[in-house]
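J.: Here you go, one structure.
The values are calculated or read from the model by the stated rules, or taken from the named source; none is laboratory data. The shown structure was predicted, so the numbers you read here are calculated from the model rather than taken from an experiment. Neighbour counts are summed over all protein chains in view; Cβ atoms, including those assigned to glycine, are modelled from backbone coordinates with ideal geometry. Heads up: the accessible areas ignore ligands, DNA and RNA and are worked out on the full protein's heavy atoms, side chains in. Shrake-Rupley method; radii C 1.70, N 1.55, O 1.52, S 1.80 Å.
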Amino acid sequence: MTTDILQLPANVPVCPVRGSVIYPTMVQHIDASRSLSINAIEAAMAGEKVILIVSQRDKDVDDPQGADLYDVGTACNVLRVRKNPDGTVQMLVSAVARARAKNYTRDEYLRADIELMPEVAADPVEFQALARELREKFDIIAANGKVSAESVQTIQGKEEAGEMADHIAFNLDFKLEDKQALLEAASPTARIRKLLTLLDTEQEVQAVQARIRAQVKEEIDKNQREYYLREQMKVIQKELQGGEDGEEGDEADVFRTKIEALELKPDVKKEIDREVNRLARMHPDAAEASVIRTYLTWVTELPWNTRSEDRLDVPEAAQILDDDHYGLEKVKDRVLEFLAVRRLRKERAERGELSAEDVNKGPILVFTGPPGVGKTSIAQSIAKALGRKYVRIALGGARDESDIRGHRRTYIGAMPGRLIQGIRTAGTKNPVILLDEVDKLGTSYQGDPSSALLEVLDPSQNQHFTDHYLGVAFDLSEVMFIATANYPEQIPAALMDRMEVIDFSSYIEQEKLEIAKRYLMPRQLTQNGLKPNQISFTDAALERLISHYTREAGVRNLEREIGTVARKVARRIATAEVKRVKVTDKELDRYLGQARHTPETENREDMVGVSTGMFYTPVGGDILFVETSVMPGKGLVLTGQLGDVMKESARAALTYAKTNSERFHIDKSRIDDSEIHVHVPAGAIPKEGPSAGGAMATSLISALTGIPARHDVAMTGEMTLTGRYLPIGGLKEKVLGARRAGIKHIIMPKANEPDLRDIPLHLRSSMRFHPCETVDEVLDVALVGGLKALERGAGLSNVPAPETPKRKTGRRGAGASA
């Protein structure tokens, strides 16, 4: 040293350094590029050649003040200074002692008062033990090559343990804070203890690094080995193929490139990569290679992350639905609700309030109703309105679970299920998939497809749907599933519970008329080569076509009949018989022949024992007549192919009449000693249901009392023995059928009043409805004279039945027929 430690000046220039610490007894080069540091070096050289080297707390500070520096630094003698051509300065210093800086001042450079930090004496025995431990630990670390051989030799040559600790701290890659803490430790014992702790940590880090290095080396060696073997296989395959270029390895690489582009989940990618590696190691002519190749083709062609962008413009979607279909307001409302919810979810997701999974979930709907009402076609319009791809899967008659889940690859000719096939065809993972005729699924020894659908149609499970062929999970949660069914009661309850039911009712005549004019006629004219000015239908012709030539809930047969007329007109035009034709109701017989259906019409007069009921079938509603005749004999006779429930309604009506015989002035002997015959015409057609209870009671009591039933009144409702009038279903269709028959008054259960909202306003205003809670209220409307006529015994049949059951003595209700 050029200057004794006791002769250091009290105030010296300060040179801040970044990211390093210098310890006493070291000789080091320091490069200075900042004017602050260069000025401090020049001041030191102009003075006593002593400078304080202090580390910055934050190395990113370019112009540090005293507060930006640590309190303890290293006092150094400046041995040599060299200026470089680029303006920087290189300084060689010899570190003398630890020093604490006080009272920083700043001009063109920093100066500070310094206070030297003398070494603190230590217990010799403890110091010797710590020194030995320090040497042993350093030898272990040095053996791993973390310190250069020159530095190791220098450090191991140090006799004094404190000095050795300083050199070890300088040469190892510790944090700046840890190095500064060792500099600030004046006691060699404390310094060595801290250093031993750091060395223990360094040993653990080195051990982990060694494990990682070994694992990486092993993986690299494995990959290199596989590459080498794969190249050898290519050469061998080329030789086996007579010198032709083998493409199997290239094919595996092509599959790998496609799989990387799919951005698959790790578990899915792992399984598919395994198959690719198998293909790469396999002879191209092997039977298994063809199976794997087909599998990988399926996997790489599926839209794992490809989606259609939803059209979220609600008014535009509403216009598309209205253009394609007339009516079906409930269905359209549900689709537009889904669009509105999806739009709001997307907006919330953009604000980070919802996840992508919550936004993309699709609804699961089931459309139920009779054939031909537009269930299938509206699904296609929904896809069009949403801007999504459309896939139809016909499930009628499917009786194999593999239709849904696919075949396992162990079978020859195995292939994915129809869901995965449909998604591949669509090319997106969020299409509209129509599961058509889901109520007609069958079962066999090969499994139950309806049970396989339980996972598909469960929003909480279908995001992990696993097709047997794929063997990996595919996300179906973004698919909008729509199922259709004619008979929802045939769908298993567990499956039905997973779907939102939207019921399609039969079209009324007015709706059929509008559909025919807007959609059916233009389509049939195009299909039959006619121009709009060559053929036209009057409204009366279409109405007659609907009522007398078709009997259906939908419009399929109606379109066929329009097509028939169009073809016959086309023939007449083609033969130059006519140039244009206007089809009227009177000319329908010419084109279609005699009318096939004659709707029931109301009776022309009030009749004893004949009441008018209403019924509903999948093809629409209509009226029926209940006829009752009383004759000598015993018992109740029911005819007209009545079902069990309808027979029970007749027995309940008879019991009600017996119970109230005194009030209605009915002689009990007339009931007990007579054969009461109840007949419902159209005997070839089976009839069932409880809703004819009111009509049965009216017909029976009319026949027993001789009071005529009104011919302009039709009724529907279930009755009980106590005379309550209970609600029924299908009121809209029944009312429409009654209106077509000319009925003006409708008797209905009071509980069905909310159903009147489904009936078009113009029909409601042209008819009168009588909500009833009891059979008495029904009789008050249905019988001529009402309940008052009954209670005063105004009928003609309140006389006892004859003693002998002779035909000529029995009095029958006027106008009744069997």
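J.: Limited to the stretch 659-676, what total is found for residues that are open to solvent by 10 Å² or more (accessible area, probe 1.4 Å), hydroxyl-bearing (Ser, Thr, Tyr) and either farther than 15 Å from ASP776 by Cα or part of a loop (DSSP other than H, G, I, E, B) (or both)?
T.: Residues in the stretch 659-676 being open to solvent by 10 Å² or more (accessible area, probe 1.4 Å), hydroxyl-bearing (Ser, Thr, Tyr) and either farther than 15 Å from ASP776 by Cα or part of a loop (DSSP other than H, G, I, E, B) (or both): 1 in total.
J.: Taking only the stretch 737-754 into account, find how many residues are modelled with pLDDT under 90 and touching a Pro at 6+ places or on another chain (Cβ under 9 Å).
T.: So the count comes out to 3.
Okay, residues lined up against (1) surrounded by fewer than 22 Cβ atoms within 10 Å (Cβ to Cβ); (2) in contact with an Asp or Glu (Cβ under 9 Å, 6 or more places away or on another chain); (3) of a type in the set (D, E, K, R):
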position	(1), (2), (3)
ASP62	yes, no, yes
ALA75	no, no, no
ARG82	yes, no, yes
LEU92	yes, no, no
ASP107	yes, no, yes
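J.: Output the residues belonging to the stretch 73-103 that are assigned to a strand (DSSP E or B), free of Cβ contacts under 8 Å to residues at least 12 places away in the same chain and more than 20 Å from PRO9 (Cβ to Cβ).
T.: ARG82, LYS83
J.: List the residue pairs whose Cβ atoms are under 9 Å apart, where the first residue sits in the stretch 704-718 and is under 20 Å from LYS658 (Cβ atoms), the second is part of a strand (DSSP E or B) and of a type in the set (Lys, Arg), and the two are 6 or more positions apart or on different chains.
T.: GLU718/ARG724
J.: Do you know which residues across the stretch 484-493 are open to solvent by 50 Å² or more (accessible area, probe 1.4 Å) and not in a loop (DSSP other than H, G, I, E, B)? Walk me through how you get there before you give the answer.
T.: Initially, the stretch 484-493 is screened for residues open to solvent by 50 Å² or more (accessible area, probe 1.4 Å), giving 487, 489-490, 492-493.
Matches in the stretch 484-493: GLU489, GLN490, ALA493.
J.: If you don't mind, another one. Report the residue count in the stretch 254-270 for those that are closer than 19 Å to GLU226 by Cβ and exposed (fewer than 15 other Cβ atoms within 10 Å of the Cβ). Let's see the steps before the verdict.
T.: Quick first cut of the stretch 254-270, residues closer than 19 Å to GLU226 by Cβ only: 254-257, 259-260, 269-270.
Next, only the ones that are exposed (fewer than 15 other Cβ atoms within 10 Å of the Cβ) stay: 254, 257, 260, 270.
Matching residues across the stretch 254-270 total 4.
J.: Okay, next question. Among residues belonging to the stretch 362-379 that are within 16 Å of the chain's Cα centre (by Cα) and crowded, with 19+ Cβ neighbours inside 10 Å, point out the one that is modelled with the lowest pLDDT. Write out each step before concluding.
T.: Initially, the stretch 362-379 is screened for residues within 16 Å of the chain's Cα centre (by Cα), giving 362-366.
Adding the requirement that they be crowded, with 19+ Cβ neighbours inside 10 Å leaves 362, 364-366.
Values: GLY362: 66, ILE364: 83, LEU365: 86, VAL366: 89.
Step by step, filter the stretch 362-379, then rank; the result is GLY362.
J.: Within the stretch 494-544, how many residues are in a helix (DSSP H, G or I) and among the acidic types (Asp, Glu)? Talk me through it step by step, then tell me what you get.
T.: Start the filter on the stretch 494-544 by keeping residues that are in a helix (DSSP H, G or I), which leaves 494-496, 509-527, 539-544.
When the remaining residues are screened for being among the acidic types (Asp, Glu), the result is 509, 511, 514, 539, 543.
Within the stretch 494-544, residues that are in a helix (DSSP H, G or I) and among the acidic types (Asp, Glu) number 5.
J.: Is there any pair with a first residue in the stretch 382-410 that is on the phi < 0 side of the Ramachandran plot and a second that is assigned to a loop (DSSP other than H, G, I, E, B) and among the hydrophobic types (A, V, I, L, M, F, W, C) whose Cβ atoms are under 7 Å apart and which are 6 or more apart or on different chains, and what are they?
T.: Hits for this filter: LEU395/LEU441; ALA398/LEU441; HIS407/ALA414; HIS407/MET415; ARG408/ALA414.
J.: I'd like to know if the stretch 750-769 contains one or more residues that are among the β-branched types (Val, Ile, Thr) and either surrounded by 24 or more Cβ atoms within 10 Å (Cβ to Cβ) or closer than 27 Å to PHE664 by Cα (or both). Give the derivation first.
T.: Keep residues of the stretch 750-769 that are among the β-branched types (Val, Ile, Thr), which gives 759.
Pick out the ones that are also either surrounded by 24 or more Cβ atoms within 10 Å (Cβ to Cβ) or closer than 27 Å to PHE664 by Cα (or both) and you get none.
No, there is no match, as no residue in the stretch 750-769 is among the β-branched types (Val, Ile, Thr) and either surrounded by 24 or more Cβ atoms within 10 Å (Cβ to Cβ) or closer than 27 Å to PHE664 by Cα (or both).
J.: Go through (1) without any contact (Cβ under 8 Å) to a residue 40 or more places away in the chain; (2) not in a helix (DSSP H, G or I) for HIS283 and report which single condition fails.
T.: The one condition HIS283 does not meet is (1).
J.: Considering the stretch 537-587 alone, what residues qualify as being of a type in the set (Gly, Ala, Ser) and modelled with pLDDT of 85 or more?
T.: Step one: filter the stretch 537-587 for residues of a type in the set (Gly, Ala, Ser), giving 540-541, 547, 553-554, 563, 566, 570, 574, 576.
Those that are of a type in the set (Gly, Ala, Ser) and modelled with pLDDT of 85 or more: ALA540, ALA541, GLY563, ALA566, ALA570, ALA574, ALA576.
J.: Hey, another quick one. Test ILE382 against the stated conditions and say whether it is in a helix (DSSP H, G or I), modelled with pLDDT of 90 or more and either aliphatic (A, V, I, L, M) or more than 18 Å from VAL299 (Cα to Cα) (or both). Quick ask: steps written out before the conclusion?
T.: Details: in a helix (DSSP H, G or I): yes; modelled with pLDDT of 90 or more: no; either aliphatic (A, V, I, L, M) or more than 18 Å from VAL299 (Cα to Cα) (or both): yes.
Against the criterion (in a helix (DSSP H, G or I), modelled with pLDDT of 90 or more and either aliphatic (A, V, I, L, M) or more than 18 Å from VAL299 (Cα to Cα) (or both)), ILE382 does not qualify.
J.: Give the residue that is farthest from GLU500 (Cα to Cα), with candidates limited to residues of the stretch 437-447 that are modelled with pLDDT under 80 and open to solvent by less than 50 Å² (accessible area, probe 1.4 Å).
T.: The first filter runs over the stretch 437-447 and keeps only residues modelled with pLDDT under 80, leaving 442-447.
If we keep only those that are open to solvent by less than 50 Å² (accessible area, probe 1.4 Å) as well, we get 442, 444, 447.
Working: GLY442: 22, SER444: 27, GLY447: 25 Å.
If we take residues in the stretch 437-447 being modelled with pLDDT under 80 and open to solvent by less than 50 Å² (accessible area, probe 1.4 Å), then SER444 is farthest from GLU500 (Cα to Cα).
J.: Within the stretch 456-470, can one find any residue that is open to solvent by 40 Å² or more (accessible area, probe 1.4 Å), touching a strand residue (DSSP E or B) at 6+ places or on another chain (Cβ under 7 Å), of a type outside the set (Val, Ile, Thr) and closer than 18 Å to GLY374 by Cβ?
T.: no
J.: State whether one or more residues within the stretch 690-703 are over 20 Å from GLY723 (Cα atoms) and open to solvent by 10 Å² or more (accessible area, probe 1.4 Å). Full working, then the answer.
T.: Going residue by residue through the stretch 690-703, those that are over 20 Å from GLY723 (Cα atoms) are none.
No; the residues of the stretch 690-703 include none that is over 20 Å from GLY723 (Cα atoms) and open to solvent by 10 Å² or more (accessible area, probe 1.4 Å).
J.: Among the residues of the stretch 545-569, count how many are outside any loop (DSSP other than H, G, I, E, B) and either surrounded by fewer than 19 Cβ atoms within 10 Å (Cβ to Cβ) or under 42 Å from the mean Cα position of the chain (by Cα) (or both).
T.: Going residue by residue through the stretch 545-569, those that are outside any loop (DSSP other than H, G, I, E, B) are 545-548, 556-569.
Those left that are additionally either surrounded by fewer than 19 Cβ atoms within 10 Å (Cβ to Cβ) or under 42 Å from the mean Cα position of the chain (by Cα) (or both): 546-548, 556-564, 567-568.
Residues that pass the stated criteria total 14.
J.: Hey, another quick one. For the stretch 307-319, indicate whether the set of residues that are farther than 24 Å from PRO431 by Cβ and crowded, with 18+ Cβ neighbours inside 10 Å is non-empty. So that I can check it myself, show each step before the final result.
T.: If we filter the stretch 307-319 for residues that are farther than 24 Å from PRO431 by Cβ, which is where we start, we get none.
Scanning the stretch 307-319 turns up no residue that is farther than 24 Å from PRO431 by Cβ and crowded, with 18+ Cβ neighbours inside 10 Å.
J.: Another question about this same structure. Counting only residues that are open to solvent by 10 Å² or more (accessible area, probe 1.4 Å) and not charged (D, E, K, R), how many does the stretch 473-483 have?
T.: 2
J.: If I go through the stretch 299-324 residue by residue, how many of them are outside any loop (DSSP other than H, G, I, E, B), in contact with a helix residue (DSSP H, G or I) (Cβ under 8 Å, 6 or more places away or on another chain) and of a type in the set (S, T, N, Q)?
T.: Total meeting the criteria: 1.
J.: Residues in the stretch 134-144: is at least one on the phi < 0 side of the Ramachandran plot, more than 60 Å from the chain's Cα centre (by Cα) and polar (S, T, N, Q)? Explain how you work it out, then say what you get.
T.: Within the stretch 134-144, the first condition is being on the phi < 0 side of the Ramachandran plot, and the residues that meet it are 134-144.
Now drop any that are not more than 60 Å from the chain's Cα centre (by Cα), which leaves 134-140, 142-143.
Subset that is polar (S, T, N, Q): none.
Taking every residue of the stretch 134-144 in turn, none turns out to be on the phi < 0 side of the Ramachandran plot, more than 60 Å from the chain's Cα centre (by Cα) and polar (S, T, N, Q).
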